[in-house]
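First the structure, in the form of structure tokens, and then the observations on it.
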Amino acid sequence: MSASRLTDEEISVLLSEVSSGASMEAVCAAAHVSVRTFYRWKRKFDGLTPSGVRQLKALRRENLELRRLLAERRAHPLHATSADTSSERADRDAHMREMHGVNLGRFATVRVTGG
């Protein structure tokens, strides 16, 4: 799908014109867009003001950046736990078993039933 010639704020203004009573066909003709495109815009932006569209765009940018950072962190995890000695790790695991009744394995946490 090609990029729109109109900005999201301009699309929001066109939607508000139609919702205020202007003819949809006239607005589509003036904007040089098809009715199908208008309905797609309506599904995406209906009920948003131009400032709301700007906020939505900023949130999407922020979400994209956070996803990129998360993927980067997963690709290069911090090795903070590798600084622990094996005896410290064993002590911590034993403490967790005593406090929570769980068996800490390498791949899973399993609840231990008391008898």
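Only residues that are surrounded by fewer than 13 Cβ atoms within 10 Å (Cβ to Cβ) and touching a Cys at 6+ places or on another chain (Cβ under 7 Å) were counted across segment 28-63, and they come to 2. Identification of helices (runs of 4 or more DSSP H) wholly contained in segment 1-59 with 3 or more residues that are basic (Lys, Arg) and either out of contact with any His (no Cβ under 6 Å at 6 or more places or on another chain) or touching a residue at least 24 places away in the same chain (Cβ under 8 Å) (or both) yields 35-45. Can we say residue 82 is of a type in the set (S, T, N, Q), exposed (fewer than 10 other Cβ atoms within 10 Å of the Cβ) and at pLDDT below 90? Answer is yes for this residue.
The values are calculated or read from the model by the stated rules, or taken from the named source; none is laboratory data. The structure presented is a predicted model; accordingly, all values stated were derived computationally and were not measured. FYI the Cβ positions are ideal-geometry reconstructions off the backbone, even for glycines, and counts take in every protein chain you see.
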